[in-house]
Amino acid sequence: MAEPTMPLVQRLAGLLLARRQRLACAESCTGGLIAAACTSLAGSSDWFERGFVTYSNQAKSEMLGVAPDLLEQHGAVSEAVALAMADGAIARSAAEWAVAVTGIAGPGGAVPGKPVGTVWLAIAGGGRPATASLLQLDGDRAEVRAQTVEAALNALCRAIDAGAPAQ
């Protein structure tokens, strides 16, 4: 993973280690890049629990328990699906925190109302309901994916920092 994300990964590791908590990732448009960024840090096995790469709708349903009717009704790139992915990652792992991303990295895949660069990012954990945010990113496929990884790491740090105190 690109060097600029390393300080974010180190911050994330520190927050999770201080709380004796672990992270799971549920990734679609990033194809495992968030997990790769996390595991690029030596010792990440102490806080990184697992990653789910669920690129297809079938994978989202089978691996994360996302309801097929939810996918049909809202589409894979939606707030509802991102939230279900994050909740599914928590439910199907031993992690206390999860991040989920689903989006359109391009160059194709855009549909009316969902242009290239549309990404939903969801965070679950901290004993609170999952939350999601919509990102509208610019750039080519690699840039959209890199920006998504950075946004996910930043969102995780903010959520964990605002969550339960260190033990």
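Assorted remarks:
- Which listed residue, of 59, 36, 24, is within 22 Å of residue 105 (Cα to Cα), within 17 Å of the chain's Cα centre (by Cα) and outside any helix (DSSP H, G or I): 24
- The residues on offer are 98, 105, 94, and the sole one that is within 12 Å of the chain's Cα centre (by Cα) and among the hydrophobic types (A, V, I, L, M, F, W, C) is 98.
- Leading residue by the ranking (surrounded by the fewest Cβ atoms within 10 Å (Cβ to Cβ)) among those in segment 94-114 that are small (Gly, Ala, Ser) and assigned to a strand (DSSP E or B): 103
- Hey, residue 84 crowded, with 22+ Cβ neighbours inside 10 Å, modelled with pLDDT of 95 or more and in contact with a strand residue (DSSP E or B) (Cβ under 7 Å, 6 or more places away or on another chain) or not: no
- Checked against the criterion of being modelled with pLDDT under 95, in a strand (DSSP E or B) and among the charged types (D, E, K, R), segment 115-136 has at least one qualifying residue.
The values are calculated or read from the model by the stated rules, or taken from the named source; none is laboratory data. From a predicted model like this one, the values you see are computed outputs, not experimental measurements. Don't worry about glycine lacking a Cβ; one is built from the backbone with ideal geometry, like all the others, and counts go over all protein chains shown.
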